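Here the structure is laid out as structure tokens; the discussion comes afterwards.
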Amino acid sequence: MTTILLLHGPNLSQLGTRDPRHYGTATLAEVVAAARVEAEAHGARLDHLQTEHEGELLARLHAARTDATGAVVLNAGAWTHSSYALHDALELLEVPKVELHLSNVHARESFRRTSVIAPACDGSIAGFGVHGYPLAVRAALALHAQRTATRDSAGPPPS
Ligand code: DQA
């Protein structure tokens with residue numbers, strides 16, 4: 001069974017009451033549930049971590065290199081715009097990675113228009129609020145299936 005790893009960075013624990021104009025009123029538990037329902041509808045499982053500590057997020061990404069994670073969906077919060085360490089950890093991880101934001105970061109303050117993690121991700125989804133979560137899970141599963149098919153059709157490595 002494919003595992004999708006959903007990761008949330010700082011301040012996303014406050015969803016529900018945090019700036020509803022940009023982030024809506026869904027709580028963290030509700031956005032995670034939206035992602036989980038989509039994963040399970042496709043026969044996959046969802047693992048989730050939210051943290052206020054950058055090192056914890058990095059350690060979880062390092063663990064994902066060897067724990068059979070199939071793909072990552074990541075809302076890195078403000079670390080999106082500043083963390084080269086997060087960029088490097090994502091770059092190390094070979095599975096598909098989808099960058100996700102609730103708000104349309106391109107229509108807000110100029111610092112939010114730069115994502116330092118985008119070059120280390122396969123693509124990004126932003127601006128659709130809670131609806132972005134199932135979309136991101138579907139994209140992650142599709143990329144995972146595509147990579148698995150490409151790997152399988154390549155056959156075993158030469159001995
Ligand atoms: C966010 C956008 C970021 O700019 C911000 O720092 C967040 C949330 C979003 O989901 O829209 O914490 O990632």
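If you average 1/r over every pair of different alpha-carbon atoms in the chain and take one over that average, what Kirkwood value in Å do you get? Don't skip to the end; give the middle numbers.
Details: mean 1/r = 0.0630 Å⁻¹.
Result for the chain stands at 15.9 Å.
How much of the accessible area of the chain, probe 1.4 Å, is carbon plus sulfur, in whole percent? Please report the intermediate quantities before stating the final value.
Numbers: 4360 of 8070 Å².
Within the chain, the accessible surface is 54 percent carbon and sulfur.
Using θ = phi - 60° and the Karplus curve 6.51 cos²θ - 1.76 cosθ + 1.60, what whole-Hz ³J(HN,Hα) does each residue of region 133-143 get, with Gly and Pro shown as x?
Karplus values, whole Hz, x for Gly and Pro: 5, x, 4, 5, 5, 5, 4, 5, 5, 5, 5.
State, to one decimal in nm², a quarter of the convex hull surface area for the C-alpha atoms of region 66-130, i.e. the direction-averaged projected area.
Numbers: hull surface 17.8 nm².
Averaged projected area of region 66-130's Cα convex hull equals 4.4 nm².
May I ask for the angle, rounded to the nearest 10°, between helix 54-63 and the longest principal axis of the chain, with both axes built from Cα atoms and the value confined to 0 to 90°?
Result, in degrees: 20.
For VAL73, list long-range residues whose amide hydrogen, built 1.01 Å from N in the peptide plane, is under 5 Å from its own amide hydrogen.
Those lying under 5 Å, H to H, from VAL73 are LEU5, LEU6, LEU7, VAL98.
Would you mind classifying region 1-52 by shape? Square roots of the alpha carbon gyration tensor eigenvalues, ordered a ≥ b ≥ c; an a/c under 1.5 is rounded, otherwise it is prolate if a/b is larger than b/c and oblate if not. It would help to have the intermediate numbers written out before the result.
Working: a/c = 3.80, a/b = 1.84, b/c = 2.06.
Judged from the Cα gyration tensor, region 1-52 comes out oblate (a/c at least 1.5, b/c at or above a/b).
Treating the angle as unsigned and between 0 and 90°, give the value, to the nearest 10°, between the Cα long axis of helix 28-41 and the longest Cα principal axis of the chain.
30
Work through the residues other than SER13 whose Cβ is under 14 Å from its Cβ and net out their charges, Lys, Arg +1 and Asp, Glu -1. Display every interim value, and only then the final one.
On the way: positive: ARG18; negative: ASP19, GLU30, GLU52, GLU56.
Net local charge, SER13 excluded: -3.
Report Rg(Cα)/(2.2 N^0.38 Å) for region 107-159, keeping two decimals. Intermediate results must be reported in sequence, preceding the final value.
Values: Rg = 16.3 Å, N = 53, 2.2 N^0.38 = 9.9 Å.
For region 107-159, the normalised Cα radius of gyration comes out at 1.64.
Could you sort the peptides 60-70, 74-84, 32-42, 132-142 by per-residue average Cβ neighbour count (10 Å cutoff), highest mean leading? Don't skip to the answer; put the middle values down first.
Working: 60-70: 15.6, 74-84: 20.0, 32-42: 17.7, 132-142: 22.2.
The peptides rank, most packed first, as 132-142, 74-84, 32-42, 60-70.
Would you calculate, for the chain, the mean residue ellipticity at 222 nm contributed by helices, counting each DSSP H stretch of 4 or more residues as -39,500 (n - 2.57) and dividing by all residues, to the nearest 500? Please list the in-between numbers first.
Numbers: 5 runs with 59 residues, N = 159.
My calculation for the chain gives -11500 deg cm²/dmol from helical runs alone.
Note down the net charge around ILE117, summing +1 for each Lys or Arg and -1 for each Asp or Glu among other residues with Cβ under 11 Å from its Cβ. Mind showing how you got there, number by number?
Details: positive: LYS97; negative: ASP88, GLU91, GLU99.
With Lys, Arg at +1 and Asp, Glu at -1, the net is -2.
With r defined as the distance between the Cβ atoms of HIS42 and ARG147 and R0 fixed at 22 Å, what FRET efficiency is calculated, to the nearest 0.05? Don't jump to the answer; show the numbers that get you there.
On the way: r = 16 Å, r/R0 = 0.71.
In this case the efficiency is close to 0.90.
Starting from the Cα-Cα distance between ARG113 and LEU92, subtract it from 0.36 nm times their residue separation and give me the gain in nm to one decimal.
Values: separation 21, 0.36 × 21 = 7.56 nm, distance 2.39 nm.
Between ARG113 and LEU92, full extension yields 5.2 nm more.
The values are calculated or read from the model by the stated rules, or taken from the named source; none is laboratory data. Note that the coordinates shown come from a computational prediction; the quantities given were computed from them, not determined experimentally. Backbone-built Cβ (ideal geometry, glycine too); neighbour counts: all protein chains shown. Remember, those area values only see protein heavy atoms, side chains included, never the ligands or the DNA or RNA. Shrake-Rupley method; radii C 1.70, N 1.55, O 1.52, S 1.80 Å.
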